């Protein structure tokens, strides 16, 4: 994974944790007003593989509800 892919993924993870609506609106404003040189996102082989694996998980019902995942995460964190 390239440095830019790593940075993008780190930013996405951080944004997913934000619940403040004003903060999210500000981020959205920044992103919407960005001029893009290339409208196509180029995926690496690894990213394509992960997407294929995710599709297979969904097709084979190997999924977990978000609330259940958060409960497991909290239990795991308490155990540390």
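All of the numbers you see were taken from the coordinates with simple rules; none came from a lab. Being a predicted model, the structure only gives us computed values, none of them experimental. Please note: Cβ atoms are built from the backbone with ideal geometry, for glycine as well, and neighbour counts cover all protein chains shown.
A few notes on this one:
- Sorted by Cβ density within 10 Å, fewest first, the residues 30, 43: 30, 43
- Each residue, residue 64 and residue 49, gets one label point 7 Å from its Cα in the Cβ direction; the gap between the two is 2.3 nm.
- Here the simple spin-label model places points 7 Å from the Cα toward Cβ, and for residue 32 and residue 16 these points are separated by 2.4 nm.
- Taking 25 °C and 0.890 mPa s as conditions, the chain diffuses translationally at an estimated 154 µm²/s according to Stokes-Einstein applied to its Kirkwood radius (Cα pairs).
- From its DSSP helices (H runs of at least four residues, each -39,500 (n - 2.57)), the chain gives a residue-normalised ellipticity at 222 nm of -22000 deg cm²/dmol.
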